[in-house]
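Derivation of every value follows stated rules applied to the coordinates shown; laboratory data play no part. In this text, all values refer to a predicted model and were calculated from it rather than measured experimentally. All Cβ positions, even for glycine, are placed from backbone atoms using ideal geometry, and neighbour counts span all protein chains on display.
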């Protein structure tokens, strides 16, 4: 059985864009949920769609559990099993972890879209937004945040 909620409509009267720079410490997941929420607060977002785009090919954006850090540890392990550094990749100019990083980025993706209702992201209880760094060394990663929807007047 399925059930559709009441339908709410809103006009798109605003497009707000900002850049978020994330310093990673090497391979792992770096939560940016709070930074994204602050962006929505700053622009006084009401209802609309939030778009996130990562401008890199060796990292990715994911929505994952943010309650138990063991989840991120296990995800790194799983991704390393899918694309191990020692698989004799042809592309190795930037090091043995670069080609596996490109594969992991392709699997996870570099963009997300999240509905925003009454100024809040429609994330599940245990969901958080992460930059997944797939390289061993620290990197500076740039995420474009864009909101399309209605905002309260300034």
- request: Could you work out how far helix 98-108 tilts from the main Cα principal axis of the chain, as a 0 to 90 degree angle to the nearest 10?
  value: 30
task: Can you pull the one-decimal nm distance between simple spin-label points at residue 106 and residue 14, each 7 Å off the Cα toward Cβ?
output: 3.9
- request: As a check on your grasp of the helix formula, calculate [θ] at 222 nm for the chain: sum -39500 (n - 2.57) over DSSP H runs of n ≥ 4, divide by the residue count, round to the nearest 500.
  value: -6500 deg cm²/dmol
query: Helix 70-82 sits at what angle to the longest principal axis of the chain, using alpha carbons and giving 0 to 90 degrees rounded to 10?
result: 50
- request: Mind jotting down the distance between the C-alpha centroids of segment 1-74 and segment 88-111, whole Å?
  value: 23
- request: Taking Kirkwood radius over Cα pairs in Å as the quantity of interest, determine which of (1) 21.9; (2) 15.3; (3) 16.8 was computed from the displayed structure.
  value: (3)
message: As an exercise, use a Förster radius of 30 Å and the Cβ-Cβ distance of residue 30 and residue 146 to find the FRET efficiency, rounded to the nearest 0.05.
response: 0.90
